[in-house]
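Have a look at the structure below before the remarks.
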Amino acid sequence: MRFSLPPVVAVNAGLAILLIMILILPGEGGLSSFFRRDKPLQYREQKAGIELQNAFRNVYRLTKDSVVSIRTKKSDPIVSPYHYFDYRNERLATFGSGFLIHEKGYIVTNYHVIEGAESIEVITSDGGVFPAKFVGSHERADISLLKIREGSGLKPVSFGNSDEIEVGDWAIAIGSPFGLERSFSVGVVSAKYREDLDETGQTHIQIDSMINPGSSGGPLLNIYGEVIGINRLIRSDTGRNSGIGFAIPMNYAKKIIQLIQENKGRTIRPATLGVMATVPLSDHRKALGIPNGWTGVLVYDIEAGSSAEASGIKRYDFILEANGLPVKNINDLRGQVGIVGLGGKLKLRIYRDKTLQELVVRLVQK
């Protein structure tokens, strides 16, 4: 039986074929000419932007295999709203970020990322998942050190000098906001030194790079791909990024990391010295014989039962140095107490009765 198309179908098929040929065949009227068009803006017109774009690409290529996602699990009791005493433990997963600092598998993150975790896993750039061992933490500084086995394929980061940054410098963040691994965000340094943001009292770098929950613990990079900070927190009414983020300066963080390594297996808890002190007025200096050129803080009261009282600090002691560093104000002294932590020793250089003395204070629980 011979098969033939109805005339209307044949005509429509022919028109469709003709239209397709017009669109795809070379020529001014075809779609192929649309796809062959030159770029709207040429390289010479966009040279500066393209070079900057390539600079960002270079930073990402350099550091993407140094940054990890950190997945923690801990059990939380889930209580039934309908049945009294009906509850169960459920293992909840949370995400954060971190980065490799040594080829032996040492990874830095925030303390609050792993706080209370029953298990910690590190997810690398190639999708590998490694169990992480807890090395130690510093609670007040909000820094933790983890370790995974060697041979993970990660590359250690390079460190920059966080004291040399300036407002307006590029601030590049890599992390896992909302669990989205190795998200890359570019902004600038908004302020170099922000103090008293929270109970730690430590100095932070303020940035406008996009960091969100899950970015904590990831590196803050400069335009050279060097780590200049550890992304830590945001300031927002909604809990989402509002353009104000904060990172722990890397020069400070390196001191904390060294202290954690010296106290392996411990979480260094916050401590207090137990003194009330202030920068002395000229009348105080004159009465106590403190030279005008000296910087420090004057102790005017001591808490009963505190570390200061137990170690022999007295009223009107003038503290010049703590752990070998000059004390210009009470924040400098508080910062050194915070670094040493509970159970540590604070070495003070003081001026008492017109003589210089050395004093070692053991920071104990009051």
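Some values worked out for this structure:
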read-out	value
Residue in the stretch 322-335 that is nearest to Val360 (Cα to Cα), counting only those that are of a type in the set (A, V, I, L, M) and open to solvent by less than 40 Å² (accessible area, probe 1.4 Å)	Ala322
All strands (runs of 3 or more DSSP E) inside the stretch 200-309 with 3 or more residues being without any contact (Cβ under 8 Å) to a residue 60 or more places away in the chain and aliphatic (A, V, I, L, M)	275-278, 297-302
Test result for Leu342, closer than 21 Å to Ala141 by Cβ, hydrophobic (A, V, I, L, M, F, W, C) and free of Cβ contacts under 8 Å to residues at least 12 places away in the same chain	no
Residue that is farthest from Ser190 (Cα to Cα), among those in the stretch 121-174 that are polar (S, T, N, Q) and within 16 Å of the chain's Cα centre (by Cα)	Ser137
The stretch 154-195, subset open to solvent by 60 Å² or more (accessible area, probe 1.4 Å) and without any contact (Cβ under 8 Å) to a residue 24 or more places away in the chain, residue nearest to Val67 (Cα to Cα)	Glu164
Selection from the stretch 260-284 of residues that are open to solvent by 30 Å² or more (accessible area, probe 1.4 Å) and within 12 Å of Phe318 (Cβ to Cβ)	Thr278, Val279, His284
Looking only at the stretch 229-239, and only at residues there that are charged (D, E, K, R) and closer than 30 Å to Lys255 by Cα, the one that is nearest to the chain's Cα centre (by Cα)	Arg232
Condition check for Gly116: of a type outside the set (Asp, Glu) and either closer than 27 Å to Thr203 by Cα or open to solvent by 40 Å² or more (accessible area, probe 1.4 Å) (or both)	yes
Any hit, the stretch 350-360, residues being surrounded by 18 or more Cβ atoms within 10 Å (Cβ to Cβ), in contact (Cβ under 8 Å) with a residue 12 or more places away in the chain and more than 19 Å from Ala287 (Cα to Cα)	no
Lone unmet requirement of (1) open to solvent by 70 Å² or more (accessible area, probe 1.4 Å); (2) part of a strand (DSSP E or B); (3) within 29 Å of Asn161 (Cβ to Cβ) for Ile319	(1)
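The values are calculated or read from the model by the stated rules, or taken from the named source; none is laboratory data. Just so it is clear, the structure is predicted and the values come from calculations on it, not from any experiment. Note: ideal-geometry Cβ built from the backbone for every residue, glycine included; neighbour counts use all protein chains shown. Calculation scope for accessible area: heavy atoms of the full protein, side chains included, ligands and nucleic acids excluded. Shrake-Rupley method; radii C 1.70, N 1.55, O 1.52, S 1.80 Å.
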